[in-house]
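Engineer: This is the structure I have questions about; it appears just below.
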Amino acid sequence: MGARVLAPVERRLFDYPAAAIYLGIGKRGVEQLAKDGELPKITNITNKVLFDKADLDAFVERKKAEAS
């Protein structure tokens with residue numbers, strides 16, 4: 001029997017550095033957006049702050065709409 005190959009799983013939750021990379025801004029920018037209430041954050045069981053990919057995408061869409 002051969003080794004099982006698992007399909008890649010799309011990431012849904014991002015910590016501060018990963019959210020910054022995803023949005024193309026600095027970590028401090030993400031921290032400020034979260035502090036200002038622009039980005040909803042989730043606190044998991046270990047009290048780590050995470051951001052949902054759908055919220056990050058919605059933020060980008062809002063900013064695009066404001067710019068047009």
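A short reminder: the numbers here are calculations on the coordinates, not readings from a lab. Since the structure is predicted, the reported quantities are computational estimates derived from the model, not experimental observations. Heads up, the Cβs are rebuilt from the backbone with ideal geometry, glycines too, and the neighbour counts pull from every protein chain shown.
Engineer: Over the residues of the chain, compute the C-alpha Rg and express it relative to 2.2 N^0.38 Å.
Structural biologist: Taking N as the residue count of the chain, the ratio is 1.38.
Engineer: Trypsin sites (Lys or Arg not before Pro), restricted to the chain: which are DSSP loop and have at most 15 other Cβ atoms within 10 Å?
Structural biologist: 4, 11, 12, 48
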